[in-house]
Amino acid sequence: MNASKEKPIVHLTIPIIEGHINDVRCMRGDYPFGNFAPLTDGILANAKPDHFFGARPEQLNCQIRDELSDFIVPSTQKDHLIAPNFFQEAKGPDGSSAVATQQACYNGAVGA
């Protein structure tokens with residue numbers, strides 16, 4: 001594969017790695033998790049995974065979703081996934097594997 005940027009690599013390779021997905025509505029990525037309570041004193045940027053899985057909002061009782069919002073609802077946009085999990089990070093040819101590892105670990109901690 002000859003790709004010089006990160007996004008084309010993600011869009012071309014991730015579906016090959018994943019294989020068949022039963023519900024593609026449970027896959028998203030590339031938007032910041034701005035609604036989560038911060039893990040630290042707030043100096044870290046919001047997590048923004050390249051790719052992740054999660055639950056559709058209608059799959060969880062509204063009262064539970066509202067009560068746990070700071071921990072399971074990553075975005076204030078009502079149609080975005082909740083309880084994100086199984087994060088993936090990718091880097092293009094110029095990207096650093098150390099940065100990808102750090103981002104993946106941070107995303108995983110946010111989703112834990």
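No lab work stands behind these numbers, since they all come straight from the coordinates. Being a predicted model, the structure only gives us computed values, none of them experimental. When we count neighbours, we look across all protein chains shown, and the Cβ atoms used for this are built from the backbone with ideal geometry, even at glycine.
Worth pointing out:
- Taking every lysine pair in the chain that is 8 or more places apart or spans two chains, those with Cα atoms closer than 14 Å amount to 4.
- Peptide ranges 75-86, 13-24 listed from the most packed, as the mean C-beta count within 10 angstrom indicates: 75-86, 13-24
- Taking the helices alone, the chain has a mean residue ellipticity at 222 nm of -10000 deg cm²/dmol, built from -39,500 (n - 2.57) per DSSP H run of at least 4 residues and averaged over all its residues.
- Contact order for the chain, expressed relative to its length and based on alpha carbon pairs under 8 Å spaced 6+ residues apart, stands at 31 percent.
- 3J(HN,Hα) along segment 23-29: 9, 5, 5, 9, 10, 8, x Hz, from the Karplus curve 6.51 cos²θ - 1.76 cosθ + 1.60 with θ = phi - 60°, whole Hz, x for Gly and Pro.
- Percent breakdown of C-alpha pair distances by 10 Å bin, ordered from the shortest bin, for segment 6-111: 14, 45, 32, 9, 0
- Leu12 paired with Ile64, simple spin-label distance in nm, labels 7 Å along Cα-to-beta-carbon: 4.2
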